[in-house]
Amino acid sequence: DSDTNILLPRLDRPLTLSEKIVYGHLDDPAKQEIERGKTYLRLRPDRVAMQDATAQMAMLQFISSGLPKVAVPSTIHCDHLIEAQLGGEKDLRRAKDINQEVYNFLATAGAKYGVGFWKPGSGIIHQIILENYSYPGVMLIGTDSHTPNGGGLGGICIGVGGADAVDVMAGIPWELKCPKVIGVKLTGKLSGWSSPKDVILKVAGILTVKGGTGAIIEYHGPGVDSISCTGMATICNMGAEIGATTSVFPYNARMKKYLGKTGRADIAALADEFQQHLVPDSGCQYDQVIEINLSELKPHINGPFTPDLAHPVSDIGAVAEKEGWPVDIRVGLIGSCTNSSYEDMGRSAAVAKQALAHGLKCKSKFTITPGSEQIRATIERDGYAQILRDVGGLVLANACGPCIGQWDRKDIKKGEKNTIVTSYNRNFTGRNDANPETHAFVTSPEIVTALSIAGTLKFNPETDYLTGADGKKFKLEAPDADELPKLDFDPGQDTYQYPPKDASGQHVDVSPTSQRLQLLEPFDKWDGKDLEDMLILIKVKGKCTTDHISAAGPWLKFRGHLDNISNNLLIGAINIENGKANSVRNALTQEFGPVPDTARYYKKMGVKWAVIGDENYGEGSSREHAALEPRHLGGRVIITKSFARIHETNLKKQGLLPLTFADPADYNKIHPVDKLSIVGLADFTPGKPLKCIIKHPNGSQETIMLNHTFNESQIEWFQAGSALNRMKELQQKSS
C-alpha cells in the first residue's frame, strides 16, 4: 500500500498486521504523527455499516448535516427490532407490522442518501458483513460494538457510535487514538469439544472486561490454521467484551476457502497476490503477548453477569453449587452474531443427532437463531434445522433476538432466580430477558446443546454419561461438522435493496407527531464560562454498561426518538446512596424519584448536572443514545475512574465532558449531595488536567484534579456544542 510505503522509512521497523491495515488508511501519511497509545490518527475507512437500532439516530444526524449523499459505500441492516416470541416466520411478520414506520424511514433515507438497505429477515449485520463486505485489509466501521467480527476475514472492523459513522459518510477523516497491539500467539490445534469460542472465553478470563481497552488484539502463530474462517470471526466478535478496539487474524487458506464459497474468489486471488501485506512482519513488536496452546485448551463457560468470569466446563457444576447459582438450566440458546455459522449449526446438530439416536430430547427449552437468510436456507436444505427442531428446538428469525433482550420470555416470572446458557457474547444483568435474577452463561453452541439435553450445569460432556430412553448409559462423542457446505450456499430470499442511481424524487418523511422518530435539534453551544455548582444526578456504584445507561429490549422502539428514549436514562445504574436502581435524591426537593424524572426536573429549573461513575464506565454496546440522553436532559460532565473507548468518544461527540479522576481514590471524596464546579475551561487544552471544586453541604470545599483525553479538534466539538455542530460550522466557512 502506498500509504505504508510512505511510512516505512520513517518507522524503520517490522510492522504488525494491525499497523499495516490501520496506517494504510491514514488521511495524510506523510505528516501523521504515530505513537501507539498516544497520538490521534486521522483515518479514511473504506465503508460504513449500521444496524437498524443505531442507524435511526445516525441517519437523523446525517440528514441534519445537509449533505446530499454518503461519501463512502454504506449499508443499513434490519436485525435489532425483531422480538423472539413464537418462531421465525410469525415473529418476522409481527416485526414488519409493528416497526413499519421505522423500516420505511430507513429504506427511504437509504434510497435518498445512497445507502444500501438490508430488509428485516436478511440476517444479523455482522454475518451479512462477513458474507458480503469484509475482506483482507479492509477498514470498515460499524455502529455496533461487535463489528470486529469482520476481523475473521483479515479486516480491521471497528465498532463506533452513530456520530463517528456520520463523519465517515460525510467524507471527513475519522479520528482514532493510535491503538496498542496485543499479540495472542496460538500454538497447537483445536480438537474434540474445544472450539474457537473457547479461545476468546479463555482470553476474556485473562484480560478481563477492560484489559483490551485502547488495543487491537492480533492473533498469530501456527495454531491459527486449525481454526475456520467463521471460527476466527467468532473470536474477533467477542473481543468487544474485553474492551478491544478490534481483533484481527492474518490472511490464510481458511479465509481463501470462505471467500471462494461466498462468491468472492476474485478477492481471494488478489489477497494471494499481496499476501505479504496481509500478515504481520517477522520480528514485529507487540505491546503485550499472550500464548495459548490450543491442544491443551479445554471447553469453557463464562458467567454469570459478566463475560470475563471464566470457568472450564468441567468445573462449572461444582462452582455453581458452591456459589448458590441455580444448576438447572431453564433455556439453552444458540446462534447470535457470535456463533451462527454453518459450522456452528453443524456441530450443534451433530450433538443433537446423538441424543435423538438414544431417544432423548432437550430437558431445557432450546432456541436456534440463524445468523443470516443464507445460513437459514442452507441449514434447512442440509437437514440441520430439522435435527435441531426434532431435539426440541425452536428456530427463531434471522435476527439478534434474545441476545439483545428482544425476547418475550414466558417460562419464568420477573425476579425468579434461574439459569440460562447461550452461545452469545454478553451476559450482563438482565440483558437477555430484563430479569435481574437470570444467571446467564456464555459458551460454544455445541456445549449449549449438550447442556440443554442434560438440563444441568453439572453435566460435563467430555466425561459424563447420559441415560437413553432404553435405560442404557451412553456418552456423547465430540461433534464433527463441515466448516462450509459441500454444495454452494443457498442464498434464500433476496432481501437487499440497492440505492437507486437517481434519488432526486425520493422523499423521507418524519411525522411531527411520531412516537418512534424525531428530527434532531442542535445542542446548545458552550457559553465560554466554567461549569459552576452542578448537581450530581447519580453517583453510580460498580459496573455501569451502556445497557445500564440506556436499556435495550422494550426501549429499542424509541431509538429514533431522542426525547422518548431519554425516559430510560440510567434506570439500570445502582445509586451508591441507597443501593437501588432508578431511585435518586432530587437535590432541589429532597425527594427520591426515578433518574430520568429527576434529570428532567433539573433541566426545567435550568440547573446543570453531572454523573459520577466507577471503572470502565460505558462498557458494552456502542449505542450513542447513552451519550445523547444525558446531553438532551441537561447533563454536562461525566466523571469516572475509567471509560470504555466507544462510550468516551460518543460523549465527546455530543458536547459532554468525559473526565477521569487523576487519583481514582478521589471517587470517595464526592458525595451525591455535593455540588461540583469544573474551572479553567477557558484554558482547556490537550493533556492539561482540569480542576474540580467539590462543595459539601456543610460549606467546606476541596479541590481535586481530573484528567481528559481531548485533542484539539475534540475540544472544538465541546465548544461548538457537538461534533455535528462543528461540522456545520466548518461547512459554512468553506462555502
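The values are calculated or read from the model by the stated rules, or taken from the named source; none is laboratory data. Not measured: the values here are computed from a predicted model. Note that each Cβ is placed from the backbone with ideal geometry, even for glycine, and that neighbours are counted across all protein chains shown. Heavy atoms of the whole protein, side chains included, go into the accessibility calculation; ligands, DNA and RNA do not. Shrake-Rupley method; radii C 1.70, N 1.55, O 1.52, S 1.80 Å.
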For region 88-128 versus region 394-424, the gap between their alpha-carbon centres in whole angstrom: 22
Selection from Q732, F661, L681 lying farthest towards where the dipole of region 648-735 points positive, charges on Cβ: Q732
Whole-Å distance, taken between Cα centres, linking region 131-202 and region 582-630: 32
Spin-label pair I34/Q731, simplified geometry with 7 Å Cα→Cβ offset, distance in nm: 3.3
Debye, to nearest 20: dipole size of region 1-79, +1 on Lys, Arg Cβ, -1 on Asp, Glu Cβ: 140
Above-threshold pairs, the threshold being 24 Å between Cα atoms, out of K541/K669; K202/K417; K322/K361; K363/K414; K353/K473: K202/K417; K322/K361
Whole-percent carbon and sulfur share, accessible surface of region 300-461, 1.4 Å: 49
Residues whose placed amide H lies under 5 Å from that of N293, excluding near-sequence neighbours: T187
Low-density loop cleavage sites - chymotrypsin sites (Phe, Trp or Tyr not before Pro) in region 267-364, where at most 14 other Cβ are within 10 Å (DSSP): F274
Prolate/oblate/rounded call for region 479-571, Cα gyration tensor, a/c under 1.5 rounded: oblate
Debye-sum result for the chain in log10 I(q)/I(0), which assumes one identical scatterer on each alpha carbon, at q = 0.07, 0.09 Å⁻¹: -0.46, -0.78
Probe 1.4 Å - accessible area at T54, Å² to nearest ten: 10
Sequence-distant residues sharing a close amide H with W407 (under 5 Å, placed H): A84
Folded to 0 to 90 degrees: helix 595-604 orientation relative to the chain principal axis, Cα: 20
Cα-projected label distance for E291 with F592, points at 7 Å along beta-carbon direction, nm: 5.4
Carbon + sulfur, % of accessible area of region 160-275 - ligands and nucleic acids excluded, 1.4 Å: 57
On Cα atoms only, tilt of 342-357 relative to the major axis of the chain in degrees: 50
Solvent-accessible surface ranking, highest first, for R42, R631 at 1.4 angstrom: R42, R631
FRET efficiency, D482 to E273 (Cβ-Cβ, R0 22 Å, nearest 0.05): 0.20
Built amide H within the under 5 Å cut-off of K177, gap 5+: L41
Centre separation in Å (Cα based) which lies between region 487-502 and region 506-540: 37
Solvent-accessible area per residue, Å², over region 300-461 with all protein chains present [probe radius 1.4 Å]: 29
Distance histogram for region 531-734 (every C-alpha pair counted, 5 angstrom bins, percent rounded to whole numbers): 1, 8, 16, 21, 22, 17, 9, 4, 1, 0, 0
Simple label model, 7 Å out from Cα along Cβ direction - Q100 to H358, nm: 5.1
Kirkwood-type radius of region 55-136, with distances r between different C-alpha atoms, in Å: 13.8
HN-Hα J in Hz across region 52-63 - Karplus 6.51, -1.76, 1.60, θ = phi - 60°, x for Gly and Pro: 4, 6, 9, 5, 4, 6, 4, 5, 4, 5, 5, 4
With all protein chains modelled, accessible area of S583 [1.4 Å, Å²]: 20
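Kirkwood Rh over alpha-carbon pairs of region 1-293, then Stokes-Einstein at 10 °C and 1.306 mPa s: what D in µm² s⁻¹, rounded to an integer?
Estimated diffusion coefficient is 81 µm²/s.
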Accessible area per residue in Å² at 1.4 Å probe, computed on region 176-241: 23
Relative contact order of the chain, pairs being alpha-carbon contacts under 8 Å that are 6 or more residues apart, as %: 13
0 to 90° range, to nearest 10: angle between helix 100-113 axis and the chain longest Cα axis: 70
Positive minus negative residues near L17 (Lys, Arg vs Asp, Glu; Cβ under 11 Å): -2
Cross-link partners of K177 among lysines (Cα-Cα below 20 Å; sequence separation of 8 or more within a chain): K20, K31, K38, K210, K641, K652, K653, K688
Å² of accessible area per residue within region 531-734, as computed with a 1.4 Å probe and no ligands counted: 35
